[in-house]
1. Please go through the stretch 1-17 and pick out each residue that is modelled with pLDDT of 95 or more, within 22 Å of residue 326 (Cβ to Cβ) and not in a strand (DSSP E or B).
2. Are any of the residues in the stretch 56-68 touching an Asp or Glu at 6+ places or on another chain (Cβ under 9 Å), within 25 Å of residue 40 (Cα to Cα) and assigned to a strand (DSSP E or B)?
3. What number of residues within the stretch 71-88 satisfy the criterion of being in a loop (DSSP other than H, G, I, E, B) and not aliphatic (A, V, I, L, M)?
4. Restricting to the stretch 165-183, name every residue that is part of a strand (DSSP E or B) and open to solvent by 70 Å² or more (accessible area, probe 1.4 Å).
5. Can we say residue 240 is surrounded by 16 or more Cβ atoms within 10 Å (Cβ to Cβ) and either closer than 29 Å to residue 330 by Cβ or modelled with pLDDT under 95 (or both)?
6. On the basis of being at pLDDT 95 or above, in a helix (DSSP H, G or I) and touching a strand residue (DSSP E or B) at 6+ places or on another chain (Cβ under 7 Å), does residue 217 make the cut?
7. Of all the residues that make up the stretch 194-207, how many are open to solvent by less than 10 Å² (accessible area, probe 1.4 Å) and either in contact (Cβ under 8 Å) with a residue 60 or more places away in the chain or not in a helix (DSSP H, G or I) (or both)?
8. From the list 336, 312, 269, which residue is closer than 26 Å to residue 64 by Cβ and in contact with a Gly (Cβ under 7 Å, 6 or more places away or on another chain)?
Amino acid sequence: MSLTFHWFLPTNGDSRHVVGGGHGTPATAFGRNRPPTVAYLSQIARAAEDLGFVGALTPTGAWCEDAWLTTAMVSQHTERLKFLVAFRPGFVSPTLAAQMASTFQRQTGGRLLLNVVTGGESHEQRAYGDFLDKDARYRRTGEFLQIVRDLWEGKTVDLSGEHLQVEDARLARVPDPVPEVYFGGSSPIAGEIAARHVDVYLTWGEPPAQVAEKIAWVRGLAAKEGRTVRFGIRLHVITRDTAEQAWTEAHNLLDGFDPDTVKSVQAGLARSESEGQRRMLALHGGSREELEIHPNLWAGIGLVRGGAGTALVGSHDEVAERIKEYHALGIDEFVLSGYPHLEEAYWFGEGVLPRLAAQGLWQHPFAPTSAPAAQVPFTS
């Protein structure tokens, strides 16, 4: 089975520095260096498409542009790239979301993937008019996905749940193909939702031993439901011709972290109700020391950014080896990013993907016999 790689659209802005934000914290000033215009995001999307990334994740929250609107516009400047649209079920009715997804599929030729984000920050949820607590939000997510999936199957849905109620709901046209649903969460109730409803369970980039535990946990829960779930991981990447060059870049990023900004971001993230965010914070403890928490796995990004806070750092060969290590655990999909996103897409696409292709682990999804990334590039 060929590994699947997705890239990231920085709808909070891009820079040669880390652009912080997420999980209730605002985007940092570096996001103004390259504003998230449709033109710039389309440039990244086209590069990702050419290099062989299957899709591109677009985040959700007050810290970035709206994912649905942005990807709808960027899709018109690409041909094959799929869009992994993050959205929060509490902010839109399930029937409308099912209809939006169906429309997106028809207008883009089936290029929608959905990343369901329950929301781990009550203070941010309340700003959008959502006053449920965390566990209730997860229960609502389960009801939401039950309704949406039934609608996508062409059923007429009547449901009177704890949080959602629809009557005689149906779609005039169902999506073809049905979008795959991606979902992440580290709390017990998140595992239950994943086991019952999702296609791909996503974890942030924890060390392999912790990732293995998560995979076993969700796989066991899914088996009890009579289902199987695929697994993906969300990571940043800093890959260069040599390890020394990659670590120099990582240290340059670290040097750009203003101490006051780190302190402010860490204080904001400490309020998070997200179990996954708590696990990310525990990897670095707010300290700049000992940030390599596993060979080639660097926790520095998490000092100024919420959510995914770790990066694979090393030579192209080393990064390829770490990807193989995660794949051996059961990870088949990798959702990656790097600063700046345009240049880092090329570093990874021209440096790491050819090495994985040479080992039979990856093939270009759009042009497997003629793609530039199918040949190992010259390195000095």
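1. Answer for the stretch 1-17, where residues must be modelled with pLDDT of 95 or more, within 22 Å of residue 326 (Cβ to Cβ) and not in a strand (DSSP E or B): just 3.
2. Yes, the conditions are met somewhere in the stretch 56-68.
3. Within the stretch 71-88, residues that are in a loop (DSSP other than H, G, I, E, B) and not aliphatic (A, V, I, L, M) number 4.
4. 165, 167, 168
5. yes
6. For residue 217, the condition - at pLDDT 95 or above, in a helix (DSSP H, G or I) and touching a strand residue (DSSP E or B) at 6+ places or on another chain (Cβ under 7 Å) - is not met.
7. Total meeting the criteria: 6.
8. The conditions single out 269.
The values are calculated or read from the model by the stated rules, or taken from the named source; none is laboratory data. Please read these numbers as outputs of a predicted model, since none were measured by experiment. Neighbour counts are summed over all protein chains in view; Cβ atoms, including those assigned to glycine, are modelled from backbone coordinates with ideal geometry. Surface accessibility is based on the protein's heavy atoms, side chains included, excluding ligands, DNA and RNA. Shrake-Rupley method; radii C 1.70, N 1.55, O 1.52, S 1.80 Å.
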